[in-house]
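Encoded as structure tokens, the structure appears first; notes follow it.
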Amino acid sequence: MASPVNNIVSAAWLNQQLSNTLSAASLVVLDASAFMPDVPRDPQQEFIDVRIPTAHFFDFNHQIAAPNTDLPHMLPSAELFTQEVAKLGVNNDSHVVIYDSQGMFSAPRGWWMFKAMGHDNVSVLDGGLPAWLAAGYATQTGVPMTNAIGDFSAKYRPNWVIDADTLCQRLDDTRIQIIDARPTVRFLATVKEPRVGLRSGHMPNAKSLPFGELLTDGHFVPVEQLKQKFDALSAAEQQLIFSCGSGVTACILALAAQLSGRDKVTVYDGSWAEWGANEKYPVVK
């Protein structure tokens, strides 16, 4: 099995592990596909139509999300995360491999959630389902069989997450660097935000790194290029705080930062869906 620090695995590696009875026994594959609100696709139906063998659906939009909030897919409590993830057959010693149907879009969100909940043995499938299909590996269809309940128990790590009020107090802190994953035109407020009612612009002292600059055809660019991107925006010892539209693509940056050797990574969960909607938080245009 891959080591706990192996944040990315290949389709070839995953296929080999699934073919090995001993390795497959401790492997849990999760489909964390999700789409932007304006994309008319149903990730759960697509999961039923075609998926990687043994996979279960990781629904961070509804099922594994904080209830009673107007903000989209907020990180749930450790108790709720434990309950829902155990239903997926995850154990404390499981190696979780997460993929999505776009290659590299929403799977890093699932990776970050597991990290924030104390589970280090989690990887993202490089290239996602498209890479798996392109390699011609086997797939499954239909509703998956239910798993035995796993013994997973979340241990919340607050250093992986930051809330709006705490972030607002640290905007001038030189020990941190806020990096925004949204497209440059949204960062610079040259276009309106896609979500109704949100102000345009960015946080004071934030820097722009659109997530698409880190990817090519659903794969991360080489590690040396990732390192150059982060070195151009921040000092090696700074804590990196990532934000985006609603906390999904910020996790692409968090994963990329870890791949490049940065270990102080935090995601602002509410992201612009929260910051842009509340007048008490400052905005730069």
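Read-outs throughout are calculated quantities, based only on the coordinates presented, and are distinct from any laboratory measurement. Everything numeric here is computed off the predicted structure, so don't read it as measured data. Cβ atoms come from the backbone with ideal geometry, glycine included; neighbour counts cover every protein chain shown.
A few notes on this one:
- Positive-end extreme of charge dipole, the chain - chosen from VAL185, GLN16, ILE52 (charges on Cβ): VAL185
- Kirkwood-type hydrodynamic radius, the range 8-156: 15.4 Å, calculated from all non-identical alpha-carbon pairs.
- Those aspartates and glutamates that a straight Cα-Cα span of less than 12 Å connects to LYS280, excepting residues fewer than 8 apart in one chain: ASP165
- Residues of the range 245-259 with amide N under 13 Å of the 7 Å Cα→Cβ point at GLU237: none
- Computed label-point distance, nm, for sites TYR156 and ASN205 using a 7 Å Cα→Cβ extension: 2.6 nm
- Förster radius 25 Å - calculated FRET efficiency between ALA66 and ARG195 (Cβ-Cβ, nearest 0.05): 0.90
- Overall Cα dimensions of the chain - principal axes, largest extent first, Å: 54, 42, 35
- Charge sum, other residues only, whose C-beta stays under 14 Å from GLY128's C-beta, Lys/Arg counted +1 and Asp/Glu -1: -3
- Of all lysines in the structure, the ones whose alpha carbon falls short of 28 Å from that of LYS229, not counting any fewer than 8 places away in one chain, are LYS115, LYS192, LYS207, LYS264, LYS285.
- For the range 1-114, a crude dipole built from +1 on the beta carbon of Lys and Arg and -1 on the beta carbon of Asp and Glu, taken about the Cα centre, is about 280 debye to the nearest 20.
- Exposed loop positions in the chain were taken to be GluC sites (Glu not before Pro) whose DSSP state is not H, G, I, E or B and which have at most 14 other beta-carbon atoms within 10 angstrom. Between these positions, the longest stretch is 1-236.
- Relative contact order, percent, the range 159-275 [alpha-carbon distance under 8 Å, six or more residues apart]: 34 percent
- Helix-only [θ]222 nm of the chain, DSSP H runs n ≥ 4, -39500 (n - 2.57) each, per residue, nearest 500: -8000 deg cm²/dmol
- Calculated FRET efficiency, CYS168 to ASP38, Cβ-Cβ distance, R0 = 35 Å: about 0.75 to the nearest 0.05.
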